[in-house]
Amino acid sequence: MAFDEYDSENRIFNAVGTRPIRPDGMDKVTGKAMFGADFTMPGMLHGAILRSPHAHAKIVKLDTAKAEALPGVKSVITRADFNDKVSRANADVLENVMAGEKALYDGHAIAAVAATSPLAAKKALRAIEIEYEVLPHVTDVDAAMVPGAPEIRPGEPKVEGYSSNVMSKVEFGHGDLHEGFAAADVVMEKSFKTAATHQGYIEPHAAVGSLTADGRGELWCCTQGHFVARNICSDLLGIQASSLRVMASEIGGGFGGKTTVFVEPVALALSRKAGRPVKVVMSREDVFRATGPTSSSSIDVKIGMKNDGTMTAGQAILRMQGGAFPGSPVGMAAMCAFAPYALDHVQSVGIDVICNRPKQAAYRAPGSPMACFAVESVVDMLCNKLELDPVDTRLMNASKEGTKASYGPTWPRIGLIETLEAAKKSPHYRSELKPGQGRGVSCGFWFNHAGETSVTLALSPDGTVALSVGTPDIGGSRASMCLMAAEELGIPYEKIRTTVVDTASLGYNDVSHGSRVTYASGLATIKAARDAKKKLCGRAAKTWGIDEDAVVWEDGMAKPSGHNAGDHEPLSFDKLCKTMGRTGGPISGHFEATPEGAGVSFATHVVDSEVDRETGATRVLRYTVIQDAGKAIHPAYVEGQFQGGAAQGIGWALNEEYIYGEDGRLQNAGFLDYRIPVASDLPMIETEIVEVPNPGHPYGVRGVGETSICPPLAAIANSVSNAVGVRLTELPMSPPRILKALD
Amino acid sequence: MSKIHVTTSVNGDEAEFLAEPEETLLDVLRDHLHLTGAKEGCGTGDCGACTVNLDGRVVCSCLVLAAEAQGREIKTIEGMANGEKLHPLQTKFLEHAALQCGICTPGILVAAKDLLERNADPTETEIRFWLAGNLCRCTGYDKIVRAVQDAAAEMRGA
Amino acid sequence: MPPEDVTIDLYGTLAAIAGEKRVVVEAANLRDVYAALKVRFPEMAEHLDGNVSVSIDGRIYTEALFEPVSAKNEVVLLPRISGG
């Protein structure tokens, strides 16, 4: 048989699609699971980081002598303790981890201390002598673009007509906008703003580092990618990548925010200087002030529509600030803006801006939710104006196989129409609204990612399997890996243990991001299992004295096949494992490559809400998520991704917001004032999994983690706007903003 | 050094420790007694990841000074299962996939157990308001609420 | 596979460098595409070295220098895609 056949359409699954208990579950419900801050080492010191209280300031004096002299203090570091020849690719990461000549935002790290206790380390920070020359600052994206705005990286403008804070401009589209808008019966134009929001993982960043003077080290940290953490840290410390072994702890949420490093290199630098292991744990305030929120944005959208609902043209101009460093996700936002629509005339422009805020980090489908909010709001306005059904109108214009995406390519097989049709048939969409309630609909899109992947699947003599992966498990992926290995090998789920192994135990792996884990590590697991099966068939062939080609793998057994194979009793997985030591030695299956074939994913969300006109508070009454998963490996965790993305989107739409004062300082660096949704804020979140297989995965898997956060911003804005009869164009739609709009 | 000597009971066992005056109950549980099931998500009582039971009340252990534990009874996630046998809430959280990353799970389980001891048949709204002090960023709470409902039903023998 | 004339669609930034949205290069795989573009438009080098993704017939690739391309393929260069 072919070990590499792709038949996701007609395959009948045994393990895949079931809902077994996750292998790490017992540890997580009993408090045994080891997260970032739960690890200790003998002789360990505690680190603390001094942060800038200014949004923008030149560091005039930095003297650590008094802090170093304090009892219990074992090392104090500044930028001078990091690699002065760091690669160009990581230069901004280093600048963000520890400031050089300037503090670029409120919370920017300036120096760090390691001492014998957390209290001693904190006290020592106060003994560091520092003088700042405060510089003019800017925190608003539109204000930062204007010529004459405070300059973060002074120099010549890079894009004509703007300040030097505008780093780049990117453009996508096709057709002729003029012609497209001329063909419309109605042209709707609107401007939107969204606040910066934080990923809001409940686990603050934490790391324990041990680095010796010979450049060898160990690092334990909560990260979405320990191989990437290893590469960046070794560059920042000026040591060899393979001399640093990184262990990924259990990770308490990431959502993109743990794809880079913050405290990890600091722990290592402190450790190198002190000659002892050092633990650094961020406070929640530090997490808000100094780790990646997503961008705030300012967006203009213009769409033309015929009276029957046909969209004739679309244009979006998107401006995003990415903090004090280039790299906001505005390019991806521009690509996603019109992805759900098949348009002959379309243009989207993205402008990347820097300002005095923390360096943005990826946040679940980076850029797409904001773009989606603006475009889908205008689509809703057009539907209202022309008295059209919002689902039918979207169906009429929907992207499908063969239409041209707004960012260039012709779509392969995609599942947008399937999600819209499911929305139309859903009990939710067919239900009646009560007076004062509003309904909102939105589609959303995300690319999904593949990335470099290594997996080893080792067989044990007792017929069990040790599966080693290098992608941290952020939401139950070990269960999915076990399911795919069980499916492929034809053995029970319980016989497989999946472990996220350290960087010394496996080949390179890209970060757990881009909704890639179940796709890429899953594909790698399946291929590694096929590699193992091929070897098992080889052993059976040897045992029977027949050709390898005359052996097939079926139902968890090697069987002779074809007329020359002879009549042999099938050899079970158990039996082959038991004898492998004598039939040729240990057997492991491998996969090391970059799978290319991640399938894009679309979703449609429907939401009902009502607004208290006295207080401006919004109540989400009913919420339904419909998304294309390609193939749901463990449906309960797919639903979980749908529900979690919707909840984060609800927070973004209604409450979450980075609030900066006139002084450029963050005013709400805590969960009390930065309010993420709590249990009593939300209704049950209904889900429907659509399965339009991805031809790029053996079982048809598409990534599911990110698309779910794309539609909620617009779906809720449309719902709230329809409930109150006023169009809300600025997020979050917090009670004060709603009251202002109703005024 | 001016450490405070504290004698207390943790999960039914006597525990003794020396604490700095500034140290919290959470610091002591994690750093002195090595019970790392309670997590520090915020240190300000906003997230509930450090929830423990103190003399029959759920508290954020980050808001309790270690010295305040003198002579009191503390119950943590580590004491929730009875040997090999999980509490029904723990079993139902696993069956319902009511956790993704799992960092909030210990605090939510401790809080939910206290709810079910007070109210054997809570409504969805009662569960949601009881757990409103325990933040979860992964699940959207749907499967958590369902797991609590199912555990309550099982414990009632329904 | 012998090289063929492959049509490449360029996104905004690259199109601005090339002065046109679509160019034709002789290539058998992506490495050839990048090499040909760099010879013709040296300014593109900093983008093409690790900062682009490419769509071949609607499937997006990030690291695949030896992926074959032919005159029959739709090849679209895009800014590098990453995720959360």
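Quick note: the coordinates plus some simple rules give every number you see, no bench work behind them. Everything numeric in this text was worked out from a predicted model, so none of it was measured. Cβ atoms come from the backbone with ideal geometry, glycine included; neighbour counts cover every protein chain shown.
Annotation: peptides A:340-346, A:526-532, B:17-23, ranked by per-residue average of other Cβ atoms within 10 Å with the highest first, follow the order A:526-532, A:340-346, B:17-23.
Dimensions of segment A:4-70 based on its C-alpha atoms, expressed as ranges along the principal axes with the largest first, amount to 70, 34, 24 Å. Legend: P(r) of segment A:467-535 from all alpha carbon pair distances, 10 Å bins from 0, whole percents, reading 22, 56, 22, 0. Entry note: segment A:161-314 has Rg to Rh equal to 1.23, where both radii use alpha-carbon atoms and Rh is the Kirkwood radius. When the P(r) is computed for segment A:81-161, the part past 15 Å accounts for 70% of the Cα-Cα pairs.
For the protein assembly as shown, the convex hull drawn through the C-alpha positions has a volume of 184 cubic angstrom per residue.
For peptide B:91-98, how many partner chain Cβ atoms fall within 10 Å of a residue's Cβ, on average?
5
Relative intensity of segment A:407-454 on a log10 scale, I(q)/I(0) at q = 0.20, 0.31, 0.32 Å⁻¹, equals -0.87, -1.26, -1.28, per a Debye sum over C-alpha point scatterers of equal strength in the absence of solvent.
A convex hull fitted around the alpha carbon atoms of segment A:403-493 yields 213 Å³ per residue. Kirkwood radius for segment A:443-590, taken over all pairs of different Cα atoms as the inverse mean of 1/r, rounds to 16.1 Å.
Dividing the Cα radius of gyration of segment A:505-631 by 2.2 N^0.38 Å, with N the residue count, gives 1.79. Here the simple spin-label model places points 7 Å from the Cα toward Cβ, and for A:Leu433 and C:Ala45 these points are separated by 5.8 nm.
Just flag the GluC sites (Glu not before Pro) in segment B:50-158 sitting in loop per DSSP whose Cβ has no more than 10 other Cβ atoms within 10 Å. Let's see the in-between values first.
Values: sites: B:Glu68, B:Glu73, B:Glu78, B:Glu84, B:Glu95, B:Glu117, B:Glu124, B:Glu126, B:Glu154; in loops: B:Glu84.
Within segment B:50-158, the qualifying GluC sites (Glu not before Pro) (loop, at most 10 other Cβ atoms within 10 Å) are B:Glu84.
Alpha-carbon geometry of segment A:662-706: the Rg and the Dmax are 19.6, 54 Å, given in that order. Ranked from largest, the principal axis spans of the Cα set of segment A:1-137 equal 70, 36, 28 Å.
Rank by packing, highest mean first: peptides B:52-63, A:95-106, with packing defined as the count of other Cβ atoms within 10 Å averaged across residues. Working shown, then result.
Numbers: B:52-63: 19.8, A:95-106: 22.9.
Most protected by this proxy first, the peptides run A:95-106, B:52-63.
Report the percentage of all Cα-Cα pairs in segment A:582-681 whose separation exceeds 22 Å, rounded to a whole percent. Everything past 22 Å amounts to 57 percent. Across all directions, the average flat footprint of the convex hull enclosing the Cα atoms of chain B is 9.1 nm². In this structure, the amide hydrogen of A:Gln360, modeled 1.01 Å from its nitrogen in the peptide plane, lies closer than 5 angstrom to those of A:Gly323, A:Ala324, A:Phe325, counting only residues at least 5 positions away or on a different chain.
Here, P(r) means the percent of Cα pairs in each 5 Å bin from 0 to the largest distance; for segment A:635-710 it is 3, 13, 18, 18, 14, 11, 9, 7, 5, 2, 1. Kirkwood-type hydrodynamic radius, segment A:276-420: 16.8 Å, calculated from all non-identical alpha-carbon pairs. Once C-alpha pairs closer than 8 Å and six or more residues apart are averaged by separation and normalised to the residue number of segment A:263-403, the relative contact order reads 25 percent.
Every pair of different Cα atoms in segment B:59-117 enters the Kirkwood calculation, which places the hydrodynamic radius at 12.9 Å.
What FRET efficiency would be calculated for the residue pair A:Ile12, A:Ser588, taking the C-beta separation as r and a Förster radius of 30 Å, to the nearest 0.05? Please list the in-between numbers first.
Values: r = 28 Å, r/R0 = 0.93.
Step by step, r from the Cβ atoms, then E = 0.60.
Computed over the alpha-carbon atoms, segment A:566-622 gives an Rg to Rh ratio of 1.55, Rh here being the Kirkwood radius from the mean inverse distance.
Per DSSP H run of n ≥ 4, the term is -39500 (n - 2.57); total these for the protein assembly as shown, divide by its residue number, and report the mean residue ellipticity at 222 nm rounded to 500 deg cm²/dmol. If you can, show how the numbers build up before the last one.
On the way: 27 runs with 267 residues, N = 985.
After summing the helix terms and dividing by residue count, I get -8000 deg cm²/dmol.
Put simply, when A:601-608, A:154-161 are sorted by average Cβ atoms within 10 angstrom per residue, most first, you get A:601-608, A:154-161.
Semi-axes of the equivalent ellipsoid of chain C are 17, 16, 12 Å, computed as sqrt(5λ) over the eigenvalues of the C-alpha gyration tensor in descending order.
On a 32 Å Cα-Cα criterion, which of the cross-link pairs A:Lys424/B:Lys143; A:Lys158/A:Lys740; A:Lys102/C:Lys38 come out too long? Display every interim value, and only then the final one.
Details: A:Lys424/B:Lys143 25 Å; A:Lys158/A:Lys740 38 Å; A:Lys102/C:Lys38 36 Å.
In this structure, A:Lys158/A:Lys740; A:Lys102/C:Lys38 lie more than 32 Å apart at Cα.
The mean number of partner chain beta-carbon atoms within 10 angstrom of a residue's beta-carbon across peptide A:331-340 is 2.
Annotation: average projected area of segment A:608-743 is 10.1 square nanometres, based on the convex hull of Cα atoms across all directions.
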